[in-house]
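Where a number appears in this text, it was derived from the coordinates with a stated rule and is not lab data. On a predicted model such as this, the values are computed, not experimentally measured, just so you know. Here the Cβ is made from the backbone with ideal geometry for all residues, glycine too, and neighbour counts use every protein chain on show.
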Amino acid sequence: MSSEQTRSQLDVSPAQELAQSVLENVERVIVGNRDTVELLLVALLCEGHVLIEDVPGVGKTMLAKSLARSMDCSFARIQFTPDLLPTDITGVSIYNQKSADFEYRPGPVMSQVVLADEINRASPRTQSALLESMQERQVTVDGVTRPLPRPFLVLATQNPIELEGTFPLPEAQIDRFLMRLEMGYPDAGEERAILRRFRESDPLETLEAVISADELLQAIPLCRQIFVHEVIEQYIVSLSRASRESEDFALGVSPRGTLGLYWASQAFAAMRGRNYVLPDDVQYLVQPVLTHRLIASAQTRLRGRSVKTLFAGIIADVPVPVEESWSVQV
């Protein structure tokens with residue numbers, strides 16, 4: 001069967017309906033930030049992790065709890081502090097005198113949705129404890145490797161670097177996040193809606209699951225079958241390569257970032273009810289998926305130009321595939 005025949009017969013409605021159900025359920029608690037919730041669902045369908053960088057009090061923890069409860073997933077929150085140890089994340093082996101053997105007591109990372117709150121307040125040694133879990137989906141304690149549950153999502157929050165008491169995340173860990181998002185302050189209307197919604201009780205207390213973890217796991221391979229034309233593949237590669245060749249950046253987009261943008265475009269297309277990727281999908285996702293992987297050069301920092309602004313120029317310079325070059329009969 002040809003790729004075009006496979007694409008025309010692929011039914012993406014299960015993934016679309018699943019995402020819509022979770023989105024509507026989360027919005028019973030979260031006011032506004034619909035785009036942020038959608039991008040979190042894209043990350044889940046890609047089995048990726050998300051870093052949310054914003055000031056305290058804008059609803060990051062509430063968002064993570066709402067997402068976990070909507071999917072009936074186990075949830076754990078890790079409050080990162082300067083005295084947090086790696087074993088506080090991964091778990092520890094404790095000697096049991098009755099059995100005369102060591103027993104593993106799992107850490108919070110063994111949950112399906114892990115909120116790493118204020119991750120940049122912990123020391124680099126503790127931050128790195130998440131590296132193996134995020135990339136290889138396993139933990140190793142005392143030489144024993146244990147697999148993590150699926151689905152597995154690390155939703156890390158980070159205070160802006162200029163705040164006191166923060167440690168910048170190393171490049172290796174930042175690159176393991178599929179996306180970096182910002183929630184921002186609500187507008188006046190949304191803030192009034194928050195007051196009314198939480199006036200009598202917390203809606204999270206009565207929030208029920210609308211899908212199961214197994215349903216999500218069934219939708220993940222479906223998204224990987226979404227058709228991506230070779231011209232759009234080349235467009236994704238060109239964006240990454242342009243960042244590496246630019247003198248404005250000391251570090252460009254990694255191949256991991258290129259693959260992340262590819263997967264995210266497939267998942268986003270499925271959520272939109274399409275079994276093929278459009279250039280618009282790539283353009284919508286390129287900023288949240290790629291910009292956090294870039295490091296500006298010394299000269300760029302001296303000129304005071306932001307990474308987002310510079311990368312926006314690259315996006316504008318890379319030719320977008322025209323419809324005649326990628327469209328086929330659906």
Study note, to complete from the structure: In whole percents, the bins of 20 Å from zero upward hold the Cα-Cα pairs of the chain as 29, 57, 14, 0
Check your understanding: Which longest run of the chain has no exposed loop site in it, a site being GluC sites (Glu not before Pro) in a DSSP loop with at most 10 other beta carbons within 10 Å, and the site itself not part of the run?
Key -> 1-161
Review point. Using the beta-carbon distance between SER99 and GLN20 and R0 = 51 Å, what value does 1/(1 + (r/R0)^6) give for FRET efficiency, to the nearest 0.05?
Key: 0.55
Practice item. With both partners inside the chain, how many of the DSSP beta bridges are antiparallel, as a percent to the nearest 5? Key: 40 percent
Review point. When the Karplus curve 6.51 cos²θ - 1.76 cosθ + 1.60 is applied with θ = phi - 60°, which whole-Hz ³J(HN,Hα) does each residue of segment 65-75 get, with x for Gly and Pro?
Key: 5, 5, 5, 5, 5, 5, 9, 6, 9, 5, 10
Point to revise | DSSP bridge pairs, segment 106-181: antiparallel proportion in percent, nearest 5 | key: 50 percent
Exercise for review: Take MET271, MET183, MET62 and order them by how many other Cβ atoms sit within 10 Å, fewest up front.
Suggested key: MET62, MET183, MET271
Review point. If amide H atoms are built 1.01 Å from N in the plane of the peptide, which residues on other chains or at least 5 residues away come under 5 Å of the amide H of SER93?
Key: ARG105
**Study point:** Fewest-first ranking of SER111, SER201, SER93, using other Cβ atoms within 10 Å as the exposure measure
**Key:** SER201, SER93, SER111
Point to revise | Neighbourhood charge, 13 Å Cβ-Cβ cut-off, centred on GLU17 and excluding it, Lys, Arg +1 and Asp, Glu -1 | key: -2
Exercise for review: Could you compute the FRET efficiency for SER238 and ASP202, with r as their C-beta to C-beta distance and R0 at 45 Å, rounded to 0.05?
Suggested key: 0.45
Exercise for review: Quick one: work out Rg over Rh on the C-alpha atoms of segment 226-330, Rh as Kirkwood radius.
Suggested key: 1.01
Check your understanding: For LYS308, LYS98, what ranking results if the residue with the fewest other Cβ atoms within 10 Å of its Cβ goes first?
Key -> LYS98, LYS308
